[in-house]
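Scroll down for the structure; my scribbles are underneath it.
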């Protein structure tokens with residue numbers, strides 16, 4: 001069974017919490033699900049522990065990828081092939097140019113890890129990373145000193161992020177049993193990720209189950225640019241098969257979802 005998890009909110013929808021708990025609930029009934037989060041990003045200041053953990057493992061990866069890795073033991077590079085590391089902007093280094101600071105929202109799109117999906121990885125470092133704090137810069141310098149990287153502009157990194165909806169297509173596993181997590185409130189992380197049996201649109205306290213085929217058709221019909229549209233726009237036109245109430249730390253919620261997924265999957269075959 002292939003399941004796509006998308007968020008209804010730009011942040012903190014609960015996608016990874018849903019993914020982890022579904023993996024556990026599926027495991028209870030003898031089904032091993034592979035976790036796949038093709039596109040991710042994290043801030044090296046707020047997620048410092050994951051930055052250091054990744055550096056020690058020889059990889060740049062954020063908290064969500066590590067949570068799936070800890071839960072399943074799968075190769076973290078296959079779990080998450082495309083990761084952006086952002087760093088806080090040092091206002092003094094920006095010569096106190098408030099417009100410069102505000103335009104960048106106080107961060108630098110500093111380092112991108114993009115897997116080629118053929119067991120090779122590439123690191124892309126923004127020249128502007130020098131505008132971040134010295135402590136984090138020294139960590140990045142030490143990490144990159146042991147491997148090759150491409151020095152490009154921050155705008156080029158942003159362009160690569162925008163194109164990830166296409167560039168990560170070839171990384172999407174064709175496993176029969178997989179949980180795919182989108183990023184932020186994007187309707188899907190890439191086009192291949194729309195090839196699923198079901199979609200779960202998630203927000204705090206509520207999740208909506210949607211036919212994968214109907215969801216895919218709606219996304220493709222409503223998308224008019226190369227950028228992926230937002231989940232909420234799709235849910236507004238596709239009627240969910242069922243809704244689920246979610247309570248904090250109540251695992252029974254996720255058992256119920258898995259039971260319904262298995263039921264609907266049998267009916268649709």
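The values are calculated or read from the model by the stated rules, or taken from the named source; none is laboratory data. No experiment lies behind these values; they were computed from the predicted model shown. Here Cβ is always computed from backbone atoms with ideal geometry, including for glycine, and neighbour counts include all displayed protein chains.
Below, the figures for the structure above:
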item	result
Residue match in the stretch 6-22 (condition: buried (at least 17 other Cβ atoms within 10 Å of the Cβ), outside the structural domain of residue 189 (by TED's automatic domain parsing) and more than 30 Å from residue 244 (Cβ to Cβ))	no
Test: residue 40 is within 18 Å of residue 184 (Cβ to Cβ) and touching a helix residue (DSSP H, G or I) at 6+ places or on another chain (Cβ under 9 Å)	yes
Meets criteria (more than 23 Å from residue 25 (Cβ to Cβ) and touching a strand residue (DSSP E or B) at 6+ places or on another chain (Cβ under 9 Å)) for residue 145	no
The lone exception for residue 194 - which of (1) touching a strand residue (DSSP E or B) at 6+ places or on another chain (Cβ under 6 Å); (2) under 23 Å from residue 258 (Cβ atoms) it fails	(1)
Options 54, 30: the member that is modelled with pLDDT of 95 or more, under 17 Å from residue 75 (Cβ atoms) and out of contact with any helix residue (DSSP H, G or I) (no Cβ under 7 Å at 6 or more places or on another chain)	54
Search result, residues across the stretch 58-73 that are out of contact with any helix residue (DSSP H, G or I) (no Cβ under 7 Å at 6 or more places or on another chain) and over 17 Å from residue 136 (Cα atoms)	70, 73
Unmet criterion (only one of (1) part of a strand (DSSP E or B); (2) within 22 Å of residue 48 (Cα to Cα)) for residue 151	(2)
Options 130, 174: the member that is modelled with pLDDT under 95, loosely packed, with under 15 Cβ neighbours inside 10 Å and more than 23 Å from the chain's Cα centre (by Cα)	130
Close pairs from the stretch 156-185: first more than 17 Å from residue 79 (Cα to Cα) and in the same structural domain as residue 224 (by TED's automatic domain parsing), partner modelled with pLDDT of 90 or more and assigned to a helix (DSSP H, G or I), Cβ under 6 Å, at least 6 apart	185/231
Residue identified as in contact with a helix residue (DSSP H, G or I) (Cβ under 7 Å, 6 or more places away or on another chain) and closer than 20 Å to residue 185 by Cβ among 242, 233	233
Residue match in the stretch 135-143 (condition: surrounded by fewer than 20 Cβ atoms within 10 Å (Cβ to Cβ) and at pLDDT below 95)	yes
